[in-house]
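Worksheet for the structure shown next.
The values are calculated or read from the model by the stated rules, or taken from the named source; none is laboratory data. Here the structure is a predicted model, which is why all the values come from computation and not from measurement. Note that we place each Cβ from the backbone using ideal geometry, even for glycine, and neighbour counts take in every protein chain shown. Please note that ligands, DNA and RNA were not included when accessible areas were found on the heavy atoms of the full protein model with its side chains. Shrake-Rupley method; radii C 1.70, N 1.55, O 1.52, S 1.80 Å.
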Amino acid sequence: MSAKYQRIHPHEILAVQRDLRRRGMRSPSAKQNLVIFRLCCCYGLRSCEVAGLSLRDLTVEGPEPDLFLPKQIVKRKERSRHIPLRLDREIFYDVSRWHRLRRVQGAGPQDPFVCGQKADQFGRRLPATTVQGRWRTA
């Protein structure tokens, strides 16, 4: 098995989550990195799928919270799909908290779910390579 696809152990996932939560108390970028990590690691989203998400693709209120991956952002143009967010309470909490923060930042439904947080890049969609780099860093 190549180094790119090595298995991640549950204790490593928990350690990364704890570290990102601790850092997230001070930094919006760390909160965003936690969401990127959780979506990729726990739901199996690709970096290009996370980068392509808009706020309208997430339903965080109501009895059936879910994440919608439109056909345009799914790799190799597979069918669009829905991912229920109610499967794991902690992931739902992290994702919904980031969704609320993006709304407080003034983002509308068409705006990107993950975006630049620095002043010169604020609100711009992150390229998939940046999302992938944040995943690797975490």
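Looking at segment 98-116, I want the residues that are more than 15 Å from P28 (Cα to Cα) and have a partner that is in a helix (DSSP H, G or I) with Cβ atoms under 6 Å, at least 6 apart or on another chain. Which pairs are those?
What qualifies is P109/L55; P109/R56; D111/L55.
Tally the residues that are at pLDDT 85 or above and buried (at least 18 other Cβ atoms within 10 Å of the Cβ), restricting the search to segment 118-138.
4
Considering only residues of segment 88-109 that are of a type in the set (D, E, K, R) and over 14 Å from the mean Cα position of the chain (by Cα), which is least open to solvent (accessible area, probe 1.4 Å)?
We begin by selecting, within segment 88-109, every residue of a type in the set (D, E, K, R); these are 88-90, 94, 97, 100, 102-103.
Okay, now just the ones that are also over 14 Å from the mean Cα position of the chain (by Cα), so 88-89, 103.
Numbers: D88: 55, R89: 200, R103: 114 Å².
Here the answer is D88.
Considering only residues of segment 73-96 that are in contact with a helix residue (DSSP H, G or I) (Cβ under 7 Å, 6 or more places away or on another chain) and of a type outside the set (A, V, I, L, M), which is modelled with the lowest pLDDT?
Taking segment 73-96 first, the residues in contact with a helix residue (DSSP H, G or I) (Cβ under 7 Å, 6 or more places away or on another chain) are 73-75, 83, 85-86, 88, 91, 94-95.
Now drop any that are not of a type outside the set (A, V, I, L, M), which leaves 75, 86, 88, 94.
Numbers: K75: 70, R86: 77, D88: 77, D94: 86.
Only one residue fits best here, namely K75.
Is there a residue in segment 17-40 that is part of a helix (DSSP H, G or I), open to solvent by 40 Å² or more (accessible area, probe 1.4 Å), over 15 Å from R134 (Cα atoms) and at pLDDT 85 or above? Show your work before the answer.
First, pick out the residues of segment 17-40 that are part of a helix (DSSP H, G or I): 17-24, 28-40.
Among the residues that remain, those that are also open to solvent by 40 Å² or more (accessible area, probe 1.4 Å) are: 18-19, 21-23, 28, 31.
Okay, now just the ones that are also over 15 Å from R134 (Cα atoms), so 18, 22.
So of that shortlist, the ones also at pLDDT 85 or above come out as none.
Scanning segment 17-40 turns up no residue that is part of a helix (DSSP H, G or I), open to solvent by 40 Å² or more (accessible area, probe 1.4 Å), over 15 Å from R134 (Cα atoms) and at pLDDT 85 or above.
Please work out if R134 is closer than 15 Å to V50 by Cα, touching a residue at least 40 places away in the same chain (Cβ under 8 Å) and in contact with a Pro (Cβ under 8 Å, 6 or more places away or on another chain).
Working: closer than 15 Å to V50 by Cα: yes; touching a residue at least 40 places away in the same chain (Cβ under 8 Å): yes; in contact with a Pro (Cβ under 8 Å, 6 or more places away or on another chain): no.
Taking the combined requirement at face value, the residue does not satisfy it.
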